[in-house]
Amino acid sequence: MEVALLESEVLKLPERERIKLLERLQDSLANSAIPHLREHLAESKSRFEAYQSGEIEALDGDRAVDSILAKIVR
């Protein structure tokens with residue numbers, strides 16, 4: 001099955017089912033293929049939960065990148 005077709009079908013699944021699939025795919029990857037995968041996922045989940053609860057606010061992507069570039073390109 002082509003990846004694009006598979007992706008299209010997966011995106012039709014309910015969120016809970018997509019999460020289950022994501023977790024199974026992550027478990028199938030060798031840890032050496034993606035160093036620190038679990039730590040990155042835990043941090044991403046934590047930040048998203050903080051955003052959802054209102055603890056932190058989202059930043060505009062373009063403005064965030066511009067700000068970072070302004071700090072490192074002088």
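The values are calculated or read from the model by the stated rules, or taken from the named source; none is laboratory data. What you see is a predicted model, and the numbers here were worked out from it, not measured in a lab. With ideal geometry, Cβ positions are generated from the backbone for all residues, glycine too; neighbour counts draw on all protein chains shown.
Here are a few things to note about the model shown:
- Test: residue in segment 49-69 that is among the basic types (Lys, Arg), exposed (fewer than 10 other Cβ atoms within 10 Å of the Cβ) and not in a helix (DSSP H, G or I): no
Results for (1) part of a helix (DSSP H, G or I); (2) at pLDDT 90 or above; (3) within 18 Å of the chain's Cα centre (by Cα), shown as yes or no for each residue.
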{"site": "Leu5", "(1), (2), (3)": "yes, yes, no"}
{"site": "Glu23", "(1), (2), (3)": "yes, no, yes"}
{"site": "Ser32", "(1), (2), (3)": "no, no, no"}
{"site": "Ser44", "(1), (2), (3)": "yes, yes, yes"}
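- Long-range neighbours under 7 Å by Cβ, at least six apart or interchain, first residue among the β-branched types (Val, Ile, Thr) within segment 4-24, second assigned to a helix (DSSP H, G or I): Val10/Arg18; Val10/Leu21
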